[in-house]
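See structure below.
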Amino acid sequence: MTNLRHPDFTIPELADAPDAKFLAAPADGVLPENFFSTTNLPTYVRIKGSWRMPREPRMDSALVLEGDGGLWVREGRRLKKGDMVAVGSAEDGTEGIYVHTASFLGDEEGEFKFMTSEVSREKPIDYAQMARLLIEERDRAGYPIWVTGPALVHSRARADMVWFIENGFVSALLAGNAVAVHDIEASIFGTTLGMTKTGEATSGGHGLHMRAINRVRAAGSIAKAVEQGIITDGIMHACVVKGVPYVLTGSIRDDGPLPDVVTDMLAAQDAMKRHTTRATMAVLIATALHAIATGNMLPAFVTEKDGSMRELPTICVDSSEFVVSKLKDRGTHQAFGVVTNAQDFMHILRLYVERELIDRKSGRSTSQPARVSA
């Protein structure tokens with residue numbers, strides 16, 4: 001894992017920099033002109049001669065100084081008239097705001113770095129390193145979030161996802177209505193979108209997901225459907241049984257939706273943010289819109305309790321190079337792209353995690369990852 005460096009604040013450019021300037025928001029939800037638009041990189045604001053980092057960093061937001069001295073990154077829609085907002089456009093410290101892009105420049109050759117990987121289906125996939133990262137996050141009580149699309153269910157990677165949940169590798173699941181719908185359909189009817197496990201269509205299968213939704217709506221919630229024995233296995237069942245929080249967000253095309261789905265988009269963003277602000281790792285699988293939305297809420301780094309920083313490992317998996325490239329182009333440049341299908345990725349990653357756990361138990365774990373092409 002790449003450790004990041006804080007800036008050297010003793011250099012003249014930063015030691016002699018002015019304090020940041022703050023102006024009051026002119027109205028609720030309205031930022032002052034020339035407000036500083038945040039990035040997901042380590043950012044420092046000079047206040048009363050000291051450089052400080054804001055809380056809850058993310059891109060496309062504003063720097064807000066509260067009356068008690070708290071410094072926060074806040075979305076513009078959250079602002080109230082009179083809130084003090086940092087203004088300026090320079091990121092080099094000359095206006096009291098410094099974005100530390102150099103913190104991501106590593107020195108050690110051969111060190112695993114998410115930032116340096118280009119997106120290509122021909123690039124080797126370091127499953128061994130990803131397995132170690134997941135195990136380390138679990139063992140240190142980190143907060144890995146998983147963001148999944150329905151292809152994970154359709155591709156028969158459902159059992160693998162359940163395994164990761166049951167074994168403590170998932171701290172929160174962020175997904176859309178369809179993921180839960182087809183996972184629950186699989187539990188009740190043994191199909192997804194009417195397809196059997198072998199991919200064969202069933203008579204009347206086109207309506208089975210609607211029947212699954214109806215049963216959950218009648219129960220009142222996914223949790224109640226689990227309690228009543230309507231949902232007996234699968235991803236949502238595992239989340240309920242293991243107490244793993246999930247955020248299901250809606251879209252225009254949703255069927256139903258399920259009673260747990262958040263259909264107000266601003267409320268959905270807030271619900272997702274409650275987990276992205278805690279994230280210490282992110283795994284994004286087969287979902288373009290959810291991956292990009294989550295990436296926009298994630299900082300590129302994790303600040304540890306001792307004040308040190310490291311990259312926030314962000315793994316984006318999709319069968320298309322376009323999706324992974326688009327995520328990086330939208331600002332989630334720390335994302336490590338894995339171009340493969342969800343089924344293969346989940347099967348192989350689980351295999352490597354299981355193997356690493358066995359090796360650690362027997363004392364055979366090595367620090368050098370094996371490379372496997374997919």
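Yes/no per residue for (1) outside any helix (DSSP H, G or I); (2) at pLDDT 95 or above; (3) charged (D, E, K, R); (4) open to solvent by 40 Å² or more (accessible area, probe 1.4 Å):
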| position | (1), (2), (3), (4) |
| --- | --- |
| Glu109 | yes, no, yes, yes |
| Met130 | no, yes, no, no |
| Ile135 | no, yes, no, no |
| Trp146 | yes, yes, no, no |
| Ala175 | yes, yes, no, no |
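Filter segment 294-307 for residues that are surrounded by fewer than 20 Cβ atoms within 10 Å (Cβ to Cβ) and in a helix (DSSP H, G or I) and give the result.
Listed by number, the list holds a single entry, Asn296.
Identify all residues within segment 56-68 that are surrounded by fewer than 19 Cβ atoms within 10 Å (Cβ to Cβ) and within 14 Å of Ala86 (Cβ to Cβ); write none if there are none.
Residue satisfying the conditions is Glu66 alone.
Select from segment 228-273 the residues that are touching a residue at least 12 places away in the same chain (Cβ under 8 Å), open to solvent by 50 Å² or more (accessible area, probe 1.4 Å) and among the charged types (D, E, K, R) and list them in ascending order.
Once the filter is applied, which keeps residues that are touching a residue at least 12 places away in the same chain (Cβ under 8 Å), open to solvent by 50 Å² or more (accessible area, probe 1.4 Å) and among the charged types (D, E, K, R), segment 228-273 yields Asp233, Lys242, Asp255.
Tally the residues that are surrounded by fewer than 21 Cβ atoms within 10 Å (Cβ to Cβ) and out of contact with any helix residue (DSSP H, G or I) (no Cβ under 6 Å at 6 or more places or on another chain), restricting the search to segment 281-292.
1
Looking at Val317, is it closer than 20 Å to Leu134 by Cβ and in contact with a helix residue (DSSP H, G or I) (Cβ under 8 Å, 6 or more places away or on another chain)?
yes
Table: residues versus (1) touching a residue at least 40 places away in the same chain (Cβ under 8 Å); (2) open to solvent by less than 10 Å² (accessible area, probe 1.4 Å); (3) among the charged types (D, E, K, R); (4) assigned to a helix (DSSP H, G or I).
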residue: Ala141; (1), (2), (3), (4): no, no, no, no
residue: Trp163; (1), (2), (3), (4): yes, no, no, yes
residue: Phe169; (1), (2), (3), (4): yes, yes, no, no
residue: Ala180; (1), (2), (3), (4): yes, yes, no, yes
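Pull up segment 308-348, narrow it to residues that are of a type in the set (Asp, Glu) and surrounded by fewer than 20 Cβ atoms within 10 Å (Cβ to Cβ), then point me to the one that is modelled with the lowest pLDDT.
Asp329
Among the residues of segment 1-21, write down those that are of a type in the set (A, V, I, L, M, F, W, C) and outside any loop (DSSP other than H, G, I, E, B).
Taking segment 1-21 and keeping what is of a type in the set (A, V, I, L, M, F, W, C), we get 1, 4, 9, 11, 14-15, 17, 20.
Passing the criteria: Leu4, Leu14, Ala15.
Can you tell me which of (1) surrounded by 14 or more Cβ atoms within 10 Å (Cβ to Cβ); (2) at negative phi is the one His206 doesn't meet?
Here His206 clears every test but (1).
Search segment 149-161 for residues being in a loop (DSSP other than H, G, I, E, B) and open to solvent by 10 Å² or more (accessible area, probe 1.4 Å), and hand back the single one that is modelled with the highest pLDDT. Break it down stepwise before answering.
First, the residues of segment 149-161 that are in a loop (DSSP other than H, G, I, E, B): 149-150, 155-157.
Subset that is open to solvent by 10 Å² or more (accessible area, probe 1.4 Å): 150, 155-156.
Working: Pro150: 92, Ser155: 81, Arg156: 83.
Going through the qualifying residues, I end up with Pro150.
Here is a yes/no grid of residues against (1) at pLDDT 90 or above; (2) touching a Gly at 6+ places or on another chain (Cβ under 9 Å):
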residue: Met195; (1), (2): no, yes
residue: Gly199; (1), (2): no, no
residue: Met236; (1), (2): yes, no
residue: Val240; (1), (2): yes, no
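Please find, within segment 241-266, the residue that is farthest from Val179 (Cα to Cα) out of those that are of a type in the set (A, V, I, L, M) and touching a strand residue (DSSP E or B) at 6+ places or on another chain (Cβ under 9 Å).
Met265
Hey, any hits in segment 313-323 for a residue that's outside any helix (DSSP H, G or I), farther than 26 Å from Thr191 by Cβ and acidic (Asp, Glu)?
Scanning segment 313-323 turns up no residue that is outside any helix (DSSP H, G or I), farther than 26 Å from Thr191 by Cβ and acidic (Asp, Glu).
Just for strands (runs of 3 or more DSSP E) wholly inside segment 23-83: which have at least 2 residues that are out of contact with any Gly (no Cβ under 6 Å at 6 or more places or on another chain), modelled with pLDDT of 95 or more and under 23 Å from Gln269 (Cα atoms)?
The qualifying strands (runs of 3 or more DSSP E) are 62-65, 71-74.
The values are calculated or read from the model by the stated rules, or taken from the named source; none is laboratory data. Please read these numbers as outputs of a predicted model, since none were measured by experiment. Please note: Cβ atoms are built from the backbone with ideal geometry, for glycine as well, and neighbour counts cover all protein chains shown. What goes into the accessible areas is simple: the full protein's heavy atoms, side chains included, and nothing from ligands, DNA or RNA. Shrake-Rupley method; radii C 1.70, N 1.55, O 1.52, S 1.80 Å.
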